[in-house]
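So the structure is just underneath, and the comments pick up after that.
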Amino acid sequence: MQMDRYWKIVWDMIEESDVVLEVIDARYPSICRSNRLEKRVKAMEKCNLLIAINKSDLVPKEHVDAWVKWLDEHENIKAVPISATKRLGTSRIRSVILKQSRRKKANVAVVGLPNTGKSSIINSLSGRKAASVAPISGHTKGQQKVNISKSITMFDTPGIIPVKLPEQHKHLLGVIPITKLKDPIGAAYTLYIQFNKIAPGKLAEHYGIKDEVNLLFENLAIKMNKIIKGGLPNERAAAVQMLRDHIRGDIPIFEDINSPLRMNK
Ligand SMILES: Nc1nc2c(ncn2[C@@H]2O[C@H](COP(=O)(O)OP(=O)(O)OP(=O)(O)O)[C@@H](O)[C@H]2O)c(=O)[nH]1
Ligand SMILES: [Mg+2]
């Protein structure tokens with residue numbers, strides 16, 4: 001989808017909304033937020049911004065709590081931790097939405113980068129599979145209206161990758177479907193470098209291999225038993241597996257609030 005078309009859908013929807021729920025990934029809050037969106041919503045009189053820190057099952061509670069506090073104290077933004085798949089924080093988010101809404105009935109626009117879990121949140125709040133979910137970014141194509149309860153209606157939107165999102169952040173957020181990657185080894189290498197910046201040595205520790213940059217995929221392939229004919233390690237298969245593990249949330253690495261990946265919004 002074209003950027004212009006995307007923003008038109010979002011702006012039109014926000015005009016009709018009481019609350020904008022910006023969904024971010026609990027592992028990398030600083031790189032998920034949209035400055036453009038937040039500015040516009042903050043300037044609106046009838047509409048309030050609420051951040052859902054989703055996938056909070058993948059990080060320690062203290063980490064999410066620290067982000068909630070930081071957003072409140074530094075930016076005066078209300079944020080609620082949630083895990084759509086584990087159904088944690090769902091009642092809380094419902095009650096906060098109603099508090100944030102100026103009307104008794106709340107229209108909620110659910111927005112955010114691809115793969116952050118927008119459709120999953122809608123499903124966990126509605127208690128049924130109303131919105132389609134996939135571990136592939138760009139899954140939701142159009143806008144979809146879902147009635148959550150008598151008082152809450154949500155609008156699911158497609159996620160879109162901002163033009164300015166740096167390459168390394170795209171891989172951290174898994175916004176490019178693995179099947180569309182021309183160079184999965186390059187992508188996995190970029191991810192490894194990012195991981196080592198955030199938590200040195202942690203990726204190697206996770207897989208139980210030596211942290212040797214030149215032998216990374218060879219070591220991974222041997223460890224994962226991905227061997228091609230002739231006994232050679234299948235480095236490409238190892239890279240793809242590492243990317244998959246990351247998208248599934250199996251690699252316990254997340255940004256440190258004290259040295260965020262993005263300083264200025
Ligand atoms: N661990 C974990 N995974 C989650 C959570 N919420 C969503 N996911 C997973 O993240 C992936 C993306 O979820 P979706 O709900 O399709 O995300 P989306 O934001 O609607 O994605 P697009 O439609 O592509 O923009 C799926 O594999 C979900 O199972 C969560 O709270 N915890
Ligand atoms: Mg979706």
Checklist outcome for this item: If R0 = 30 Å, then residue 11 and residue 214, at their Cβ-Cβ distance, give a FRET efficiency to the nearest 0.05 of 0.05
Checklist entry - Between residue 182 and residue 205, what length in nm is gained on full extension when 0.36 nm per residue of separation is reduced by their alpha carbon distance? => result 5.5 nm
Item to check | Pairwise label distance in nanometres, residue 227 with residue 75, each label 7 Å out on the Cα-Cβ vector | outcome: 4.9
Next on the checklist: Tell me the angle of helix 61-75 to the major Cα principal axis of the chain, expressed in degrees between 0 and 90 and rounded to the nearest ten.
Outcome noted: 50
Checklist outcome for this item: At the level of C-alpha centres, the distance separating the stretch 34-113 and the stretch 185-233, in angstrom, is 36
Item to check | Dipole-positive endmost among 215, 198, 181 within the stretch 167-247 (Cβ charges, Cα centre) | outcome: 181
Checklist outcome for this item: With the label point 7 Å along the Cα-to-beta-carbon line of residue 197 and a cut-off under 12 Å to each amide N, the hits in the stretch 150-177 are 166-172
Checklist outcome for this item: Extension length gain for residue 46 and residue 3 (0.36 nm per residue less Cα distance), in nm, is 13.0 nm
Checklist outcome for this item: Distance in nm between residue 86 and residue 149 label points, each 7 Å along Cα→Cβ, equals 2.3
Item to check | Segment residue 36-residue 105, length gained on full extension (0.36 nm per residue, minus Cα span) | outcome: 22.2 nm
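The numbers here are math on the coordinates, done by the rules we state, and not lab data. In this text the structure is predicted, and so the values were computed from the model without any measurement. Here the Cβ is made from the backbone with ideal geometry for all residues, glycine too, and neighbour counts use every protein chain on show.
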